[in-house]
Structure formats: C-alpha cells, structure tokens
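Colleague: Have a look at this one.
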Amino acid sequence: MPEKIKLQKFLDELPIPKTISPVKRSNDWTYYEVTMKEFTQKLHRDLPPTRLWGYEGTYPGPTFDVMQNETVFVKWMNNLPKKHFLPIDTTIHGSEITLPEGRTVVHLHGATTPPHSDGYPEAWFTRNFEQTGPLFQREIYGYPNIDRATTLWYHDHTIGITRLNIYAGLAGFYLIRDKHEESLNLPKGRYEVPLLIQDRSFNPDGSLYYPSCPDNKDVCTPYPSLVPPFDADTILVNGKVWPYMEVEPRKYRFRILNASNGRILTLKLDSGEPLNQIGSDGGFLEQPVKMNEIVLGSAERADVIVDFSRYTGQTITLKNVTKSASPETTDVMQFRVTVPLRSEDTSSIPAYLGKINRLTRNMAQRTRDLPLIRIKDEYGRSLNLLSGKMWNDRISEVIGVDTVEIWRLINVIDDDPHPIHVHLVDFQILDRQPFDVALFQRTGKLMFTGPASPPEPNEMGLKDTVQTPFGYVTSIIARFGPFTGRYVWHCHMLEHEDYEMMRPFEVVRDKNRWL
Ligand code: C2O
Ligand code: CU
C-alpha cells in the first residue's frame with residue numbers, strides 16, 4: 001500500500017473536458033485525429049503534477065459531440081512511450097510472451113460499431129504503428145453513430161493491460177445527439193455537464209499508485225492466488241480530486257459515468273434532493289425516475305436532472321454510499337448554489353421521454369446459459385471465468401446476424417456483483433432470479449429458489465452493462481446485429497477483464513456456423 005497522503009476535499013473547481021474539433025468536415029463525414037501521449041497534469045491543488053497517459057494529452061480525453069447517423073472517422077495515433085509507467089504483469093493469460101508495453105487500442109463503449117473499428121483487444125498497435133497485434137489492425141476507425149442519443153465513452157481496450165491504460169488516463173466522453181433529444185427541452189449548454197468519476201491512489205510525489213501484483217500486494221509471489229479489483233482511496237471527477245462546482249439555483253443535467261477500474265458507486269445527494277434519472281447506458285428511459293440513490297458499476301452511465309432551485313446559498317455534497325466505501329471515498333464532489341440565476345430556467349423534466357420497443361421472450365431464437373464461475377488455473381491461482389472458459393479457448397458463442405438471444409448470466413462467484421458488458425448490442429434486462437448455487441455447482445442444474453424480480457425502474461431502458469449479483473440468474477435479451485464479425489463480452493471490473501474474464505463472440509450470416 002502507498003504511504004497515505006491526505007488531500008483536502010473540495011479545493012479545486014470541477015473542470016469540464018473540452019469538446020474536440022474535427023480536422024475536416026464534409027457533407028458526408030467528419031474526420032478527427034487523436035493522439036495518445038504521456039504528459040503531466042495537476043489533479044489537486046496540493047499534489048505535484050501527475051504523470052498520465054491521455055488522448056490529446058488531457059485527462060479525461062476531449063469529448064466527442066456528434067449527431068445520430070453522422071459518419072465519423074477517427075485516426076487514433078499512438079505517441080506513447082515504449083515502457084509503461086505502471087507495473088506490468090507478464091503472467092497474464094497464462095503466457096510468458098511479453099507484448100510491447102506501450103500498446104493501445106481504442107473502444108467506443110456502448111456504440112454499434114463494425115468489428116474492424118470496435119477496438120478488438122488484439123488489434124493493438126504501438127507508437128507510430130511500429131508493431132501491431134495479430135488481428136484487425138487499422139489506422140482509421142469508422143463510427144456510423146446509428147445509436148439513439150446517449151452518453152457513450154471511449155477508452156483503451158488492449159489485451160492484458162486495459163486496467164493499466166485506463167488507470168493511466170485513457171478515457172473520455174462520446175455523446176450522440178438526435179432531433180428527438182433536441183425537442184425535449186432539457187437543460188443544455190453550460191447546464192449540461194458530464195461527470196466522469198474514477199478512483200485513484202497517489203504516492204506523495206504526485207505519481208499514480210497502482211499495486212505491483214495482481215493480488216494488490218507490493219511484493220509479488222509468482223502466481224498470487226486471487227485477482228481482486230483494485231479500489232483506490234481518492235475520488236476524482238473529470239480529472240480533479242474531490243472537486244466542487246458552483247451552480248445557479250436551477251435545473252442541471254448531469255451525464256454521470258462510473259469510469260473506475262472496479263469500484264461500485266452508489267450516488268446520492270446529501271440534501272436528500274432526488275436524482276431525476278432520464279437516461280442510462282443506451283439513451284433515454286421511457287419516463288424519468290426519481291432516484292434517491294443510483295448504483296453504477298464500472299462503465300455504467302446515468303443521465304440525471306438535478307434541481308437546485310430551492311437551495312440558494314447552500315452546499316450539497318454528492319456522496320457515494322456504497323457499504324464497502326471508506327469514509328474518504330464516500331465523498332465524490334460538491335455543488336455550491338452560489339451563482340445568481342442568469343435568466344429564468346425554462347428547461348423541463350419531461351414527463352415522457354419516448355418509446356422503448358421492448359424485446360420479449362417469445363422473440364428469442366435461442367437462450368444461452370453463461371455461468372460466472374471461479375476456478376483454480378494451472379498455477380493454482382483463482383480466476384473468475386465466463387462460462388468456464390479462458391480468453392484463448394475456442395470461440396463458443398457464434399450468433400446469427402439479426403437474431404434475438406437471451407443470455408442467462410448465472411453468477412456463482414460469492415463476491416460483489418460483476419458488471420457484465422456486451423459489445424455491439426444494446427440489451428434489455430429481463431429479470432433476476434435467485435437459484436440454488438450448491439446444486440448448480442454439483443450438478444449443473446438450475447433450480448430457482450424464489451420469484452424473478454423485474455429490473456429496477458431505472459434499468460428499464462437500453463443497457464450495455466449489467467450488474468449480475470451472486471446467487472442470481474440475470475437474464476438479458478438482445479438482437480445481435482446489424483454487423484457481422486468478431487466482438488467481445490466481459491466483466492468491466494478491469495482487473496477481472498485483464499485476467500481472463502473476457503470472451504470473444506462472433507456474429508455470422510451463415511446459419512451453418514451458428515454455435
Ligand atoms: Cu468499456 Cu469492452 O468495454
Ligand atoms: Cu468481475
């Protein structure tokens with residue numbers, strides 16, 4: 001563990017990431033260039049500048065702001081050093097092959113992207129494209145932006161080191177807007193604020209602390225027995241440690257993203273004012289939901305409206321009330337209602353946000369049972385696996401394009417819920433149902449021990465990441481398409497993802513290949 005440093009809270013103002021401007025724009029497409037670099041940045045008034053890796057040399061990266069159906073091309077350029085500044089573990093994926101440390105590949109999380117541009121973990125490349133991974137490398141990625149208006153984010157997805165690259169700073173927002181959103185009269189402009197929440201630990205010299213060993217210890221045994229997610233001790237929002245924001249007494253829209261490696265956030269305002277949730281991972285809910293608390297696992301988003309109109313002169317703290325949080329990490333940021341109202345607040349919280357066409361069980365051509373289990377690998381180390389398989393095992397999910405499938409995520413790992421993310425699709429949560437874990441482990445038989453509960457009201461929209469609690473079957477349903485090709489699904493606790501809790505799947509046209 002690092003030498004503890006005490007940082008005073010609420011000293012720095014919340015930064016708003018800059019919106020990136022395209023290099024070229026035509027009637028048919030928009031073209032951006034983004035360079036990944038090493039740089040230093042002040043993350044807290046009393047902390048020396050911190051060495052980071054980031055898109056365009058900023059942390060978080062710049063925000064993309066695009067329209068639905070706008071064709072966007074991005075040239076992702078790697079100008080990172082050859083050596084990582086965070087501790088690399090070469091035992092990952094059971095292989096002793098050492099891959100270049102400065103490798104990277106970018107994934108647009110939550111987007112419907114063709115496979116060549118989805119950031120397949122093995123499509124990595126190093127500085128100036130000198131070395132490349134074994135699959136799907138290309139220098140310019142294309143995004144059709146066919147999703148509904150929503151809050152997406154882009155981040156690193158490199159095989160074996162995603163946890164280190166994101167921890168180093170490689171993450172940013174990507175917003176898709178559409179005409180319908182425009183008609184909703186939501187708070188906008190300076191009143192629409194993205195909040196990227198992450199935890200980090202620091203050494204006294206300002207450098208990032210990340211444990212040297214996968215079991216979160218600093219002295220490594222060759223094959224440690226457990227790979228827990230790393231929970232750091234400091235909370236940052238938009239790259240500042242425990243910041244504050246001065247607001248007007250009116251409504252604000254916050255697009256909240258939990259971009260922590262593994263920490264589960266339970267967000268709540270200490271004034272008791274509700275968070276009016278209007279959207280989740282895949283865009284707007286059908287109607288706003290008043291939430292006293294919002295739980296966000298790694299990668300999940302919540303689009304919320306907060307009304308500060310009754311709080312002139314007061315200070316409200318955004319809290320993280322997750323039970324396992326330390327007293328330090330229960331604070332997230334502060335809102336100070338100290339700015340006089342510039343003009344009357346004419347924005348609204350619409351009573352109805354739009355229709356979501358729900359997929360139903362009878363539309364599914366296939367149901368897959370996908371257990372989340374913990375095994376001991378050949379080195380005696382405990383690993384969490386998806387359907388009992390390692391990353392390099394043969395592909396087992398081959399899906400017909402445009403078919404609907406139900407995935408039953410059967411979690412027998414007695415631990416925190418795993419946030420499971422599926423690329424390419426937006427899915428819907430059908431329900432969660434408790435089952436007899438011991439019986440399942442002994443015989444592989446599913447026996448339910450209680451009724452199925454429907455998703456929470458704020459989970460009724462489109463999702464790309466879902467909480468799968470221990471002892472429950474979490475059922476999700478999705479239509480796989482419109483693209484064919486190779487994608488991944490994985491636990492979004494990045495330490496799990498890097499240590500085998502990720503699997504490929506393939507969408508195919510040819511019926512004979514369905515698996
Ligand atoms: Cu946010 Cu596969 O990733
Ligand atoms: Cu996990």
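Colleague: Percent relative contact order of the chain, based on C-alpha pairs within less than 8 angstrom and at least six residues apart?
Modeller: Value for the chain: 15 percent.
Colleague: Within region 417-515, list the trypsin sites (Lys or Arg not before Pro) lying in a DSSP loop whose Cβ has at most 13 other Cβ atoms in a 10 Å radius. Don't skip to the answer; put the middle values down first.
Modeller: Values: sites: 432, 442, 445, 463, 479, 486, 509, 511, 513; in loops: 445, 509.
Qualifying residues, ordered by number: 445, 509.
Colleague: Going down the list 217/389; 9/319; 37/82; 18/82; 37/83, which pairs span over 19 Å between their C-alpha atoms?
Modeller: Cα-Cα > 19 Å for 217/389; 18/82; rest within.
Colleague: Can you put 76, 153 in order of Cβ neighbours within 10 angstrom, beginning with the fewest?
Modeller: Values: 76 21, 153 25.
Placing the least packed residue first, the sequence is 76, 153.
Colleague: Shifting gears a bit: Write down the percent of antiparallel bridges among all DSSP beta bridges whose residues are both part of the chain, to the nearest 5.
Modeller: On the way: 94 of 126 bridges.
Close to 75 percent.
Colleague: Before anything else, pin down the relative contact order of region 88-188: Cα pairs under 8 Å, at least 6 apart, normalised by residue count, whole percent.
Modeller: Working: 154 pairs, mean separation 27.1, N = 101.
In percent, rounded to a whole number, it is 27.
Colleague: Name the GluC sites (Glu not before Pro) in region 368-424 that are in a loop by DSSP and that have at most 12 other C-beta atoms within 10 Å, would you?
Modeller: Values: sites: 378, 397, 405; in loops: 378, 397.
Those satisfying the criteria are 378.
Colleague: When you count, for each residue, the other Cβ atoms within 10 Å and take the mean per peptide, how do 11-18, 101-108 rank with the highest first? Mind dumping the intermediate values first?
Modeller: Working: 11-18: 16.1, 101-108: 23.5.
By packing density, highest mean first, the sequence is 101-108, 11-18.
Colleague: Taking amide H positions as placed in the peptide plane 1.01 Å from N, state which residues far from residue 430 in sequence (5 or more) or on other chains have amide H under 5 Å from it.
Modeller: 475, 476, 477
Colleague: If you don't mind, another one. Note down the net charge around residue 321, summing +1 for each Lys or Arg and -1 for each Asp or Glu among other residues with Cβ under 12 Å from its Cβ. Don't skip to the end; give the middle numbers.
Modeller: Details: positive: 268, 319, 323; negative: 270, 293, 331.
Counting the neighbours of residue 321, the net charge comes to 0.
Colleague: OK, next. How much length is gained if the chain between residue 369 and residue 328 is pulled fully straight, taking 0.36 nm per residue apart and subtracting their Cα-Cα distance, in nm to one decimal?
Modeller: Computed gain between residue 369 and residue 328 is 10.8 nm.
Colleague: Based only on other Cβ atoms within 10 Å, what is the fewest-to-most ordering of 53, 391?
Modeller: On the way: 53 27, 391 24.
Exposure proxy ranking, most exposed first: 391, 53.
Read-outs: derived from the displayed coordinates by stated rules, not from any lab. Just so it is clear, the model here is predicted, and its values are computed rather than measured. Neighbour counts run over all protein chains shown; Cβ positions are idealised from the backbone, glycine included.
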